[in-house]
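Trainee: Take a look at the following structure, please.
The values are calculated or read from the model by the stated rules, or taken from the named source; none is laboratory data. Being a predicted model, the structure only gives us computed values, none of them experimental. Counting neighbours? That spans all protein chains shown, and the Cβs are built from the backbone with ideal geometry, glycine included.
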Protein chains: 2
Amino acid sequence: MSSALLSYEEAAQTIADHAAALRQMQPAVERVPLAQAAGRVLARPIVADRDQPPFARSTRDGFACRASEASAHRPLAIAGAAKAGDAPGGRLPPDAAWEIMTGAPVPEGADAVMMVEHVETGGGVGPGMVRLPPPRRLVAGENVVARGAQGRSGDELLGSGVRIQAGQIALAASCGYAQLDVFVRPRVAILSTGDEIVPVEAEPGPGQIRNSNGAMLAALVAAAGGEPLLLPQVADTDAALDAAIAQARAADLIVFTGGVSAGKFDLVEPALARAGARFHFTGVRIQPGKPTVLAEIPPAPVSSPVRGQSAAKHCMGLPGNPVSSAVTFLLFAAPLLAALSGSRETVPRFAMAQLAGEVKTKPGLTRFLPAVCSFGAKGELPRVSLVSWQGSGDLTALARSNCYLVVPETATVLETGTSVRILLS
Amino acid sequence: MSSALLSYEEAAQTIADHAAALRQMQPAVERVPLAQAAGRVLARPIVADRDQPPFARSTRDGFACRASEASAHRPLAIAGAAKAGDAPGGRLPPDAAWEIMTGAPVPEGADAVMMVEHVETGGGVGPGMVRLPPPRRLVAGENVVARGAQGRSGDELLGSGVRIQAGQIALAASCGYAQLDVFVRPRVAILSTGDEIVPVEAEPGPGQIRNSNGAMLAALVAAAGGEPLLLPQVADTDAALDAAIAQARAADLIVFTGGVSAGKFDLVEPALARAGARFHFTGVRIQPGKPTVLAEIPPAPVSSPVRGQSAAKHCMGLPGNPVSSAVTFLLFAAPLLAALSGSRETVPRFAMAQLAGEVKTKPGLTRFLPAVCSFGAKGELPRVSLVSWQGSGDLTALARSNCYLVVPETATVLETGTSVRILLS
């Protein structure tokens with residue numbers, strides 16, 4: 001338990017290995033209306049119920065034609081018209097064109113669409129005629145999407161394990177899915193420890209603070225696609241912790257906050273040890289969040305195993321300082337939660353931004369510091385700058401940030417203007 | 001209506017100007033439980049109900065002391081102990097230290113905390129004594145957060161207009177807010193036009209497709225903090241459009257999809273004109289999404305004005321192709337929606353990533369192409385690559401993407417490995 005600290009990369013790799021193992025166990029499946037599927041994880045592939053598109057489709061308003069005839073600049077007779085929603089017309093006669101709107105079916109025999117903005121009609125060409133004037137030419141396939149170009153009937157268009165957002169909902173709708181099969185959300189037990197903690201609605205006495213971590217972690221769990229189980233606050237006694245762990249065992253993941261430092265009253269590791277835990281790490285060379293713990297406890301002794309009780313269960317011990325709790329949840333708990341959700345997405349998410357001001361630092365820890373990224377309104381490059389903060393208890397700084405600046409373990413200075421990594425929150 | 005196309009930057013600036021004007025009108029306010037506040041926009045500042053932290057607080061397990069005495073390496077008498085949750089103790093006697101746990105109040109007179117890992121106790125120092133061995137020294141303030149360092153009682157810790165996520169919930173909880181005042185969600189009417197469109201649960205006939213844009217836009221509106229009003233699909237007739245606009249006028253923002261190209265049956269602009277619209281743009285030099293329309297219609301003639309009916313109302317006409325609809329919603333409708341939500345956040349959000357493969361392009365349009373970003377798992381830089389796609393109708397490509405690669409209007413090639421902008425979705 002007092003083993004050497006892992007680097008951030010080592011801890012992240014450990015988490016990734018455990019997430020990969022968790023992904024082998026498929027979660028239960030439930031069916032939800034398409035309008036309620038956002039944020040859930042697709043449990044069955046989306047399959048095309050017909051060719052996509054179901055007919056050769058014009059992408060422009062104009063005239064369907066044979067590209068070879070149009071490119072010869074001959075006047076072509078307008079043989080018919082099709083707007084979106086019309087059934088496909090008959091075969092296009094030779095030396096003819098077919099007036100067509102965006103989204104309408106291209107008649108058989110036509111292989112391209114001249115854009116309405118590019119043609120001559122009426123006066124100069126003759127009544128009922130259309131011509132593509134030189135030097136413009138047209139190639140076969142231009143402004144047409146062939147039937148089945150995006151997928152054939154029966155094709156798997158999207159595999160399971162994808163987080164469902166607007167684009168996935170649109171694809172499902174196009175294939176006729178009014179409901180979707182999604183994985184059941186994993187339940188995450190949240191255990192706030194510490195005798196100094198009082199409920200949000202209470203008036204704290206001298207030396208006490210309100211429980212901000214419980215509500216924060218519940219929001220983080222929900223945002224990551226889990227179902228938070230906010231258990232009552234746990235007193236700093238062995239008996240209280242043992243009882244809390246017994247209660248939390250029904251969840252799919254157990255997250256402690258507080259009680260994991262080196263102090264006399266940091267009772268979480270001993271309690272986990274009493275529950276039979278195997279410890280995978282008990283500290284990481286990061287700031288904030290150094291005392292973070294990853295452990296697994298064996299299944300509770302039950303007569304008839306139910307879902308989530310037949311396998312060892314992951315427990316994350318997060319430091320009690322709120323910024324530490326938030327960062328370590330994103331770095332280490334969220335990837336496990338994604339795996340338990342059946343999701344194949346990359347968690348946590350990093351991006352890059354330009355550093356707005358020099359950052360000096362001491363090597364030895366990978367740092368994840370509350371920061372504000374402009375996210376690049378109105379054409380500027382996204383720029384990131386640190387939020388001034390008073391250490392990992394500073395909730396004001398956390399609430400004023402919208403990402404974390406990543407400072408590599410070996411860095412001593414990050415120069416203004418360099419490209420840096422940010423942890424997206 | 002057939003005015004010159006705007007550049008992307010010009011259109012984004014026009015949208016930003018309108019968003020700034022909308023921000024002058026404060027939305028209505030409602031009160032929600034803290035646990036349901038995620039995703040909402042803070043309507044009143046969060047004010048500290050006491051100093052933050054409420055007492056000088058140790059950030060380490062160790063011994064509170066006077067830095068000057070500790071740095072003289074004298075043995076100090078252990079005068080007491082404090083764990084988190086204890087009321088602040090009495091005044092620290094001279095040449096003494098106070099055993100202290102992380103989060104506990106530092107006794108009056110102490111100005112620093114020696115870390116437990118750094119001190120000698122017991123045998124070599126004497127019973128009940130503690131010493132900081134040379135050459136280590138301590139400075140005043142070390143491992144202590146002073147009372148009020150993060151904010152004084154009555155301070156505004158966070159202003160209104162902030163989107164509430166986990167960090168903001170934690171700050172509110174720490175200040176005793178069991179409920180939060182948030183802005184009422186803006187209602188967004190979604191009007192899908194086009195005779196080729198059938199409902200998701202219907203079997204499309206020849207030439208027909210299912211309405212994927214309605215469900216997609218409802219999900220985009222909800223993700224952007226609005227309340228979607230998914231109105232019945234609108235037929236391609238003037239009368240149907242006029243009736244739909246009359247119905248949609250009760251919403252705070254009206255979003256059309258389809259019917260904005262140059263075709264014979266693109267009836268949205270004429271219908272808006274009949275409703276008295278002022279057009280701010282009717283086309284943007286982007287791909288996909290060129291025919292996007294921004295307009296404002298005057299208030300409906302009502303005897304007693306109600307909320308949302310007393311001011312001109314913004315209407316966005318989005319192209320009917322699904323990828324076009326998704327991109328133009330993010331670029332242009334989402335910033336208006338953020339402003340109507342009372343939010344001060346930057347919308348849309350861009351970040352940077354490394355381009356995984358060369359992209360060749362033709363100048364003249366700013367492109368927003370469906371792409372996959374690795375978001376940088378396990379220490380690599382975030383890398384982005386294009387999803388293969390068959391044009392702006394390709395829902396499969398959209399569903400397989402997790403961002404959009406931004407290709408500047410003047411670019412002819414983007415080299416592998418360069419830092420590029422991505423539009424976060």
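Trainee: For the stretch A:169-208, give me the residue count where each residue is closer than 20 Å to A:Gly259 by Cα, touching a helix residue (DSSP H, G or I) at 6+ places or on another chain (Cβ under 7 Å) and among the hydrophobic types (A, V, I, L, M, F, W, C).
Mentor: Count: 5.
Trainee: Out of the residues in the stretch A:115-137 meeting the condition of being within 13 Å of another protein chain (Cβ to nearest Cβ) and under 26 Å from B:Thr237 (Cα atoms), tell me which one is surrounded by the fewest Cβ atoms within 10 Å (Cβ to Cβ). Steps first, please.
Mentor: Here is the first cut: in the stretch A:115-137, the ones within 13 Å of another protein chain (Cβ to nearest Cβ) are A:115-119, A:121.
So of that shortlist, the ones also under 26 Å from B:Thr237 (Cα atoms) come out as A:115-117, A:121.
Numbers: A:Met115: 18, A:Val116: 20, A:Glu117: 9, A:Thr121: 18.
Only one residue fits best here, namely A:Glu117.
Trainee: Now a separate question. From the list B:Arg285, B:Arg274, B:Arg278, which residue is buried (at least 17 other Cβ atoms within 10 Å of the Cβ) and basic (Lys, Arg)? Full working, then the answer.
Mentor: Details: B:Arg274 fails: buried (at least 17 other Cβ atoms within 10 Å of the Cβ); B:Arg278 fails: buried (at least 17 other Cβ atoms within 10 Å of the Cβ).
When all the criteria are applied, what remains is B:Arg285.
Trainee: Given the conditions (1) touching a residue at least 24 places away in the same chain (Cβ under 8 Å); (2) within 23 Å of B:Phe281 (Cα to Cα), report the number of the one that B:Arg44 does not fulfil.
Mentor: (2)
Trainee: Moving to a separate point now. Which condition does A:Ala140 not pass, out of (1) exposed (fewer than 15 other Cβ atoms within 10 Å of the Cβ); (2) touching an Asp or Glu at 6+ places or on another chain (Cβ under 6 Å); (3) facing chain B (nearest Cβ under 8 Å), if it passes all the others?
Mentor: Condition not satisfied by A:Ala140: (3).
Trainee: May I ask you to list the residues in the stretch A:22-46 that are more than 19 Å from A:Leu330 (Cα to Cα) and in a helix (DSSP H, G or I)? Before the answer, list the steps.
Mentor: Of the stretch A:22-46, the ones more than 19 Å from A:Leu330 (Cα to Cα) are A:24-38, A:42-46.
Of everything in the stretch A:22-46, those that are more than 19 Å from A:Leu330 (Cα to Cα) and in a helix (DSSP H, G or I) turn out to be A:Leu34, A:Ala35, A:Gln36.
Trainee: Here is a further query. I'd like the residue in the stretch B:364-385 that is of a type outside the set (D, E, K, R) and closer than 14 Å to B:Val327 by Cβ and, out of all such residues, is farthest from the chain's Cα centre (by Cα).
Mentor: Pass one, the stretch B:364-385, residues of a type outside the set (D, E, K, R): B:364-366, B:368-377, B:379, B:381-382, B:384-385.
If we keep only those that are closer than 14 Å to B:Val327 by Cβ too, we end up with B:365-366, B:368-371.
Numbers: B:Leu365: 27, B:Thr366: 24, B:Phe368: 20, B:Leu369: 22, B:Pro370: 21, B:Ala371: 21 Å.
Ranking the candidates gives B:Leu365 first.
Trainee: Where in the stretch A:69-184 are there strands (runs of 3 or more DSSP E), lying fully within it, with 3 or more residues that are out of contact with any Pro (no Cβ under 6 Å at 6 or more places or on another chain)?
Mentor: Numbers: elements: A:76-82, A:96-100, A:112-115, A:129-131, A:156-158, A:179-183.
Where strands (runs of 3 or more DSSP E) fall fully within the stretch A:69-184 and carry at least 3 residues being out of contact with any Pro (no Cβ under 6 Å at 6 or more places or on another chain), they are A:76-82, A:96-100, A:112-115, A:179-183.
Trainee: Just to be sure, is B:Gly89 within 14 Å of chain A (Cβ to nearest Cβ) and closer than 17 Å to B:Pro54 by Cα?
Mentor: On the way: within 14 Å of chain A (Cβ to nearest Cβ): yes; closer than 17 Å to B:Pro54 by Cα: yes.
For B:Gly89, the condition - within 14 Å of chain A (Cβ to nearest Cβ) and closer than 17 Å to B:Pro54 by Cα - is met.
Trainee: With the requirement that a residue be at pLDDT below 95 and in a strand (DSSP E or B), what does the stretch A:47-68 give you?
Mentor: Listed by number, the residues that qualify are A:Gln52, A:Arg57, A:Ser58, A:Gly62.
Trainee: If you don't mind, another one. Among the residues that make up the stretch B:405-424, is at least one of them under 19 Å from A:Val162 (Cβ atoms) and in a loop (DSSP other than H, G, I, E, B)?
Mentor: Looking for residues that are under 19 Å from A:Val162 (Cβ atoms) and in a loop (DSSP other than H, G, I, E, B), one finds none in the stretch B:405-424, hence no.
Trainee: Go over the candidates A:Arg383, A:Arg400 one by one and state the one that is free of Cβ contacts under 8 Å to residues at least 60 places away in the same chain, more than 8 Å from every other protein chain (Cβ to nearest Cβ), more than 30 Å from A:Leu267 (Cβ to Cβ) and of a type in the set (Lys, Arg).
Mentor: On inspection, the qualifying residue turns out to be A:Arg383.
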